[in-house]
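Here's the structure we're looking at; comments come further down.
The values are calculated or read from the model by the stated rules, or taken from the named source; none is laboratory data. Just so we're clear, the structure is a prediction, and the values are computed from it rather than from any experiment. Glycine gets a Cβ as well: all are built from the backbone with ideal geometry, and neighbour counts include every protein chain shown. Keep in mind that these areas ignore ligands, DNA and RNA; they rest on the heavy atoms of the full protein, side chains included. Shrake-Rupley method; radii C 1.70, N 1.55, O 1.52, S 1.80 Å.
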Amino acid sequence: MEIAQRSLTVATRGRGTTEITRQVAEAVAEAGLHTGLCHAFCHHTSASLTLTENADPSVRADLEQFMARTVPDGDPHYQHDMEGPDDMPAHIRSVLTGSGLTVPITRGRLGLGTWQGLYLWEHRSAGHRRSITVTCLGSREG
Amino acid sequence: MEIAQRSLTVATRGRGTTEITRQVAEAVAEAGLHTGLCHAFCHHTSASLTLTENADPSVRADLEQFMARTVPDGDPHYQHDMEGPDDMPAHIRSVLTGSGLTVPITRGRLGLGTWQGLYLWEHRSAGHRRSITVTCLGSREG
Amino acid sequence: MEIAQRSLTVATRGRGTTEITRQVAEAVAEAGLHTGLCHAFCHHTSASLTLTENADPSVRADLEQFMARTVPDGDPHYQHDMEGPDDMPAHIRSVLTGSGLTVPITRGRLGLGTWQGLYLWEHRSAGHRRSITVTCLGSREG
């Protein structure tokens, strides 16, 4: 059993998704494992990691719209608004979508389905530099 | 430390949950580990894996009804509707409920609480064949 | 590669979050791993584990209020209400927020971001004793 861990930084341009599938797949390739698990973790509470459809960009646009309606900015119910109307919604969206993703490593590759992509989802209006840790655990033999 | 990985296929009959606890517990028994982690992963973006109450079927019926109201089919806000009114809701439900589950392995068994069951949740109206990968990682000794 | 597993019990006082970051960090310290993964798992279907902002308590109050509005107690749509108006909402909140969390172990420590804390979220109105299993997997060397 072997383990490999590396850091990624993703610069976002404000709300929306940035695909990170390639970077995570590269971490898996570099780890050199045949069978195992790959875990990606976002070190923030106002951005999250999400797995969704990777073909039609309107899926991610609709996810964004769904969140905009379900967790509206500037809702007068929020007490926590120090950093603006998108502050608390960013925390709620992050809780609903999650800070981490685990994907199997199979035959040396990140074992995603054909239409699955991994995304960093920025929930703040402004761009940020977001830190991600990718950990690969498994065996070199099949 | 040892690792074992196997594939499951679940045929669904359209929207709703199919219990997979037994199949995942069998993968754990076959792996022969005393202490570790078991990870199940669904290779699709319109079905998810969910852990919930395993005794009263009305819990899963109420979960279904909650999603039907919260993420309605045919909502005119959706741009992505190529495959019908249940297309985008299936992606949103999958993001909200998640593609993977990790459960401890303790004393050789899947360490679920008494009332916890693992479910594949089909979010499309039509039945599909869904692929799941189960990975068990851990040690043979206690 | 090494593995260590321990149980935690958290006594809740009804709805709301109880921070468990310190207990999980202690389990990591005791495991003595340099690089790895730490997984925490809640053995219940009416309480969940959530990662969110650890500085301003109003964030957790707003999360609670968001859930109270989105998954209202006593909604006449619920069939499952044997244990009262908070019974089914507790199951839905648990599905939306998740039973488990995985966090990297980096240089011997739980690799959380500065503002990230781990919380047990009790979703029932009454207090309960909640069981959590913490599993640490990784290597002693860097």
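Summary of values
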{"item": "The stretch C:132-142 - residue that is more than 7 Å from chain A (Cβ to nearest Cβ) and more than 20 Å from B:GLY113 (Cα to Cα) and, of those, least open to solvent (accessible area, probe 1.4 Å)", "result": "C:GLY142"}
{"item": "Residue selected from the stretch B:111-128 under the condition in a strand (DSSP E or B) and within 12 Å of another protein chain (Cβ to nearest Cβ), by the criterion farthest from the chain's Cα centre (by Cα)", "result": "B:GLN116"}
{"item": "Only listed residue being basic (Lys, Arg) and either in a helix (DSSP H, G or I) or surrounded by 18 or more Cβ atoms within 10 Å (Cβ to Cβ) (or both), chosen from B:ARG6, B:ARG22", "result": "B:ARG22"}
{"item": "Which listed residue is closer than 24 Å to B:GLY117 by Cβ, open to solvent by 10 Å² or more (accessible area, probe 1.4 Å), within 14 Å of chain A (Cβ to nearest Cβ) and of a type in the set (Gly, Ala, Ser), from C:GLY84, C:GLY98, C:GLY108", "result": "C:GLY98"}
{"item": "Residue count, the stretch B:1-22 (criterion: out of contact with any Asp or Glu (no Cβ under 9 Å at 6 or more places or on another chain) and touching a residue at least 60 places away in the same chain (Cβ under 8 Å))", "result": "10"}
{"item": "Of all residues making up the stretch A:45-57, the number that are in contact with a helix residue (DSSP H, G or I) (Cβ under 6 Å, 6 or more places away or on another chain), open to solvent by 10 Å² or more (accessible area, probe 1.4 Å), closer than 30 Å to C:ALA55 by Cα and within 7 Å of another protein chain (Cβ to nearest Cβ)", "result": "1"}
{"item": "Tabulated pairs, the stretch C:37-60, first more than 30 Å from A:GLY36 (Cβ to Cβ), second part of a loop (DSSP other than H, G, I, E, B) and open to solvent by less than 10 Å² (accessible area, probe 1.4 Å), C-beta under 6 angstrom, 6+ apart or interchain", "result": "C:SER46/C:HIS123; C:ALA47/C:HIS123; C:ASP56/A:HIS80; C:SER58/A:HIS80; C:VAL59/A:HIS80"}
{"item": "Residue within the stretch A:62-70 that is in a loop (DSSP other than H, G, I, E, B) and more than 23 Å from B:GLY36 (Cα to Cα) present", "result": "no"}
{"item": "Residue match in the stretch C:58-75 (condition: buried (at least 24 other Cβ atoms within 10 Å of the Cβ), over 17 Å from B:GLN116 (Cβ atoms), within 11 Å of the chain's Cα centre (by Cα) and not hydroxyl-bearing (Ser, Thr, Tyr))", "result": "no"}
{"item": "Restricting the stretch A:111-131 to residues that are crowded, with 20+ Cβ neighbours inside 10 Å and among the aliphatic types (A, V, I, L, M), the residue that is farthest from B:VAL134 (Cα to Cα)", "result": "A:LEU120"}
{"item": "Test for C:ARG6: is it at pLDDT 95 or above and more than 13 Å from the chain's Cα centre (by Cα)", "result": "yes"}
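Let's see how each residue does on (1) assigned to a loop (DSSP other than H, G, I, E, B); (2) not hydrophobic (A, V, I, L, M, F, W, C):
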position: A:PRO85; (1), (2): yes, yes
position: A:PRO89; (1), (2): no, yes
position: A:SER94; (1), (2): no, yes
position: A:VAL103; (1), (2): no, no
